[in-house]
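For reference, the structure discussed in these notes is given below.
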Amino acid sequence: MRKQLVAALIVVAFVLPLQAAPPEKAIFAGGCFWCTESDFEKVPGVISAISGYTGGSVVRPSYEQVSGGGTGHRESVEVLFDPQKVSYAKLLDVFWHSIDPLVKDKQFCDTGDQYRTAIFYRTDEEKKLAEETKKTVEAKFAPRTVYTQVVAAGPFYKAEEYHQDYYHKNPVRYQFYRFNCGRDARLEELWGKTD
């Protein structure tokens with residue numbers, strides 16, 4: 001009887017599907033949300049990246065309000081990811097290698113407080129990991145100042161539909177913008193060549 005029970009348990013263990021972990025979210029402000037969204041959606045394990053606004057006081061802001069400055073919001077992305085396929089630590093690494101942390105209130109050709117870089121944490125563990133990675137980046141670039149902030153997450157407001165997946169919907173315009181902003185050239189200068 002014991003052998004039959006063990007055999008049944010082995011069958012159940014292999015036949016029943018593994019319980020998938022629910023997707024998790026992470027929020028990053030990396031300058032232009034078109035580019036940040038594009039960079040994250042290339043990462044295996046990322047389900048989607050949504051362009052939006054966070055960090056300010058205006059409820060449900062529009063692009064015109066945020067791009068005009070003064071709302072406190074930053075262009076940001078909310079990354080939905082499968083924690084069994086990609087870790088939050090990996091997303092932090094992708095984030096740092098997608099920004100210029102040495103500039104204040106701008107990213108590449110975009111200037112204004114709406115382009116400030118930040119990691120928006122939701123848990124104490126995310127805060128700890130974000131602060132650890134920031135210390136590593138500060139050590140790499142010392143004595144220069146790293147302006148990227150680690151901030152508690154607040155409400156995230158999805159941007160207008162025409163901003164979502166802009167790099168897919170308007171590939172020529174997107175590539176022209178990205179190239180003319182010098183984003184990839186500056187990233188290579190800061191972080192080295194990527195695969």
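So, Lys90, is that one assigned to a helix (DSSP H, G or I), farther than 23 Å from Ile47 by Cα and open to solvent by 30 Å² or more (accessible area, probe 1.4 Å) or not? When the stated conditions are applied, Lys90 does not pass them.
If the condition is being buried (at least 17 other Cβ atoms within 10 Å of the Cβ) and either of a type outside the set (A, V, I, L, M, F, W, C) or part of a helix (DSSP H, G or I) (or both), then the stretch 158-185 contributes His163, Gln164, Asp165, Tyr166, Tyr167, Tyr174, Tyr177, Arg178, Cys181, Arg183.
The number of residues in the stretch 30-84 being of a type in the set (Ser, Thr, Tyr), farther than 18 Å from Gln149 by Cβ and modelled with pLDDT under 95 comes to 1. Going through (1) under 11 Å from the mean Cα position of the chain (by Cα); (2) buried (at least 23 other Cβ atoms within 10 Å of the Cβ) one by one, Gln107 falls short only on (1).
Which ones in the stretch 39-64 are in a loop (DSSP other than H, G, I, E, B) and open to solvent by less than 40 Å² (accessible area, probe 1.4 Å)? Before you say what the answer is, go through the steps one by one.
Keep residues of the stretch 39-64 that are in a loop (DSSP other than H, G, I, E, B), which gives 42-45, 55-62.
Val43, Gly45, Gly56, Pro61, Ser62 - these are the residues of the stretch 39-64 that are in a loop (DSSP other than H, G, I, E, B) and open to solvent by less than 40 Å² (accessible area, probe 1.4 Å).
Here are Ala142, Ala153: which of them is over 20 Å from Thr111 (Cβ atoms), surrounded by 16 or more Cβ atoms within 10 Å (Cβ to Cβ) and out of contact with any helix residue (DSSP H, G or I) (no Cβ under 7 Å at 6 or more places or on another chain)? Result: Ala153 is the single residue among Ala142, Ala153 that is over 20 Å from Thr111 (Cβ atoms), surrounded by 16 or more Cβ atoms within 10 Å (Cβ to Cβ) and out of contact with any helix residue (DSSP H, G or I) (no Cβ under 7 Å at 6 or more places or on another chain). Among the residues of the stretch 65-83, those that are buried (at least 24 other Cβ atoms within 10 Å of the Cβ) and either of a type in the set (S, T, N, Q) or not in a loop (DSSP other than H, G, I, E, B) (or both) comprise Val66, Arg74, Glu75, Ser76, Val77, Val79.
Starting from residues that are touching a helix residue (DSSP H, G or I) at 6+ places or on another chain (Cβ under 7 Å) and more than 14 Å from Phe33 (Cα to Cα), keep the ones in the stretch 110-139 and report whichever is surrounded by the most Cβ atoms within 10 Å (Cβ to Cβ). Checked the stretch 110-139; the qualifying residue surrounded by the most Cβ atoms within 10 Å (Cβ to Cβ) is Ala130.
The values are calculated or read from the model by the stated rules, or taken from the named source; none is laboratory data. None of these values were measured; they are calculated from a predicted model. We place every Cβ from the backbone using ideal geometry, glycine too, and count neighbours over all the protein chains shown. Please note that ligands, DNA and RNA were not included when accessible areas were found on the heavy atoms of the full protein model with its side chains. Shrake-Rupley method; radii C 1.70, N 1.55, O 1.52, S 1.80 Å.
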